[in-house]
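Take a look at the structure below.
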Amino acid sequence: GASSAHTENDFLECLSLQFRKSNSESDSIYTPLNASYSSIFQSSIRNLRPASKSGQKPVVIITPEHESQIQAAIYCSKKHGIQLKVRSGGHDYEGLSYISQTSFFIVDMRNLRSISIDTEKNTAWVQTGATLGELYYTISQKSKTLAFTAGVCPTVGVGGHFSGGGYGMMSRKHGIAADHIIDAKLIDANGQILDRESMGEDLFWAIRGGGGTSFGIVVAFEVKLIVIPETVTVFNVTRTLEQNATQLVHRWQYVADKIDDNLLLRLFLRSINSSGKRTIRASFTSLYLGRVDDLLIIMQEKFPELSLVKEDCTEMRWIESILFFAGFQGRSLDILLNRTQASTRYFKGKSDYVKQPIPEYGLKGIWKFLNQEDVNRAELQFSPYGGRIYNISESEIPFPHRSGNIFMIHYGVGWSEEENAKSGRHINWIRKLYTYMARYVSKSPRAAYFNYRDLDIGMNSIEGNTSYKQASVWGFKYFKHNFRRLVHIKSKADPTNFFRNEQSVPPVSPW
Ligand code: FDA
């Protein structure tokens with residue numbers, strides 16, 4: 001209505017005044033009147049589903065080049081009651097970084113993406129607007145034996161990814177991204193710029209897996225880099241049901257978390273249409289941190305059923321393996337710097353944790369789901385745990401999925417623009433599959449991975465207060481008992497709940 005337009009105008013005036021005060025260019029402010037507004041809004045959106053539902057467009061998008069502009073944004077947001085959302089890579093599964101039910105604006109971190117590498121201390125300061133591809137590329141230009149352990153898709157943003165976990169192809173050997181954060185620069189609800197020392201160990205604990213969103217705006221993370229061999233080996237072998245895929249996937253569950261830490265065997269399960277007939281394909285997509293001859297010895301001893309041969313494998317540099325797993329094999333490394341490479345489409349994702357191997361008849365039930373004719377582009381990923389992930393305690397950081405989890409399941413289904421009118425049946429499909437899987441996965445809580453955000457598992461009240469009990473429904477799934485500590489920290493760090501979204505930690509006392 002008129003009064004909300006009034007508030008929005010006051011808010012915009014506040015922003016430009018504050019920006020002028022700090023001598024910053026106001027071309028980092030995009031209102032709907034600005035010609036670039038739409039392209040800036042859409043450029044990092046990876047999933048069209050959330051934005052195509054109801055919801056509002058941001059009143060303004062700001063792309064700060066300096067911290068003072070973030071401080072200004074916080075000040076004006078508070079003063080005029082326009083909700084702030086922060087976006088780094090825009091890969092949030094539910095679009096929580098760029099859509100809202102209430103009047104809001106976006107602080108888009110794209111211009112804060114510098115990366116500085118210290119090859120003496122093996123550390124890096126990474127601004128949160130950087131993508132994983134930019135980070136991997138930059139490390140590879142400095143050293144042949146340094147790397148970082150984080151996700152596979154190069155366009156994922158550091159801001160959301162590191163603050164929510166960060167699993168990738170080296171996670172069995174080296175853990176997740178959040179395990180390696182050693183310092184951070186955070187702007188809190190009072191606009192104060194804090195580092196590890198001034199924020200204190202509680203807040204520093206919270207932003208390593210508990211999601212940045214609830215606690216402030218992370219401007220940069222300092223991480224410990226990892227040391228890798230100059231040559232690594234990759235393979236991707238696919239087996240059909242005729243080639244014993246069911247037995248192999250079943251057997252994989254007894255091997256994947258126990259095998260040599262240097263080896264990560266990730267499984268992709270799909271149904272493909274081959275000359276009018278549906279068939280299941282299981283692809284074992286793998287990285288070994290070492291040479292092919294050593295890999296073959298390990299596979300022969302621990303997983304001979306897969307019959308891996310030398311011809312299946314390729315030796316390469318670690319940075320080339322990044323291209324391989326991103327589907328860019330043979331391309332020039334520069335492609336990692338392309339922030340708009342991935343195709344945008346509609347999808348829904350969900351996650352689970354498996355603690356007991358799924359029996360063969362259970363797998364056959366999954367194949368039935370995958371073979372349903374009306375679902376295209378559906379896929380399950382089984383990501384093995386074990387190794388370093390198991391050696392870290394559940395409470396070390398908020399990410400709690402440690403010892404006892406054999407693997408994580410990612411369920412995904414995608415569809416095109418033309419099919420979006422019938423998106424309901426894809427959503428129904430994935431929800432039914434999730435219901436079917438209940439008997440095979442973790443219980444009380446049925447755990448989920450925060451970075452695979454899923455609003456089906458529960459959410460906060462859009463307006464008004466969310467009780468501890470209400471938030472616990474989703475909170476314990478993502479964080480288990482760490483959720484209590486997150487709530488406690490939130491209550492101290494941001495008692496007025498300035499930083500909030502549909503699944504942010506609420507400031508209420510659990511005691
Ligand atoms: P986005 O900008 O959407 O932010 C996500 C959330 O974090 C939002 O709530 C946002 O407000 C908040 N946030 C962002 N920047 C912040 C900042 N600077 N300070 C405070 N809060 C901030 N995961 C994984 O572990 N391994 C993988 O291999 C992959 N692969 C993958 C591929 C693809 C195609 C997608 C779409 C997603 C993944 N993911 C993943 C999941 C990914 O880790 C998850 O979506 C991250 O939150 C994305 O971070 P972005 O910064 O890109 O998202």
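The values are calculated or read from the model by the stated rules, or taken from the named source; none is laboratory data. Keep in mind that this is a model prediction, so the values were computed, not measured. Glycine gets a Cβ as well: all are built from the backbone with ideal geometry, and neighbour counts include every protein chain shown.
Candidates 353, 385, 390, 346: the one that is surrounded by fewer than 20 Cβ atoms within 10 Å (Cβ to Cβ) and either within 14 Å of the ligand (Cβ to nearest atom) or more than 17 Å from the chain's Cα centre (by Cα) (or both) is 390.
Within segment 446-470, track down each residue that is part of a helix (DSSP H, G or I) and more than 25 Å from residue 355 (Cα to Cα).
First, the residues of segment 446-470 that are part of a helix (DSSP H, G or I): 455-457, 468-470.
Selection gives 468, 469, 470.
Hey, does segment 406-427 have a residue that's among the charged types (D, E, K, R) and crowded, with 18+ Cβ neighbours inside 10 Å? No, because not a single residue in segment 406-427 is among the charged types (D, E, K, R) and crowded, with 18+ Cβ neighbours inside 10 Å. Taking the stated definitions as given, is residue 75 surrounded by fewer than 23 Cβ atoms within 10 Å (Cβ to Cβ), touching a residue at least 12 places away in the same chain (Cβ under 8 Å), within 14 Å of the ligand (Cβ to nearest atom) and in the same structural domain as residue 20 (by TED's automatic domain parsing)? Criteria not met by residue 75. Taking the numbered list (1) touching a helix residue (DSSP H, G or I) at 6+ places or on another chain (Cβ under 9 Å); (2) over 30 Å from residue 45 (Cβ atoms); (3) not in a loop (DSSP other than H, G, I, E, B) in turn, residue 178 passes all entries but (2).
Okay, residues lined up against (1) more than 13 Å from the ligand (Cβ to nearest atom); (2) more than 21 Å from residue 121 (Cα to Cα); (3) at pLDDT below 95; (4) surrounded by 20 or more Cβ atoms within 10 Å (Cβ to Cβ):
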position	(1), (2), (3), (4)
145	yes, no, no, no
151	no, yes, no, yes
162	no, no, no, yes
167	no, yes, no, yes
172	yes, yes, no, yes
184	no, no, no, yes
192	yes, yes, no, no
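Per the listing 123, 128, the residue uniquely in contact (Cβ under 8 Å) with a residue 60 or more places away in the chain, away from the ligand (no atom under 13 Å from the Cβ), β-branched (Val, Ile, Thr) and within 22 Å of residue 193 (Cβ to Cβ) is 123. Look at (1) touching a helix residue (DSSP H, G or I) at 6+ places or on another chain (Cβ under 6 Å); (2) of a type in the set (S, T, N, Q); (3) part of a strand (DSSP E or B) and you find that residue 214 fails only one, number (3).
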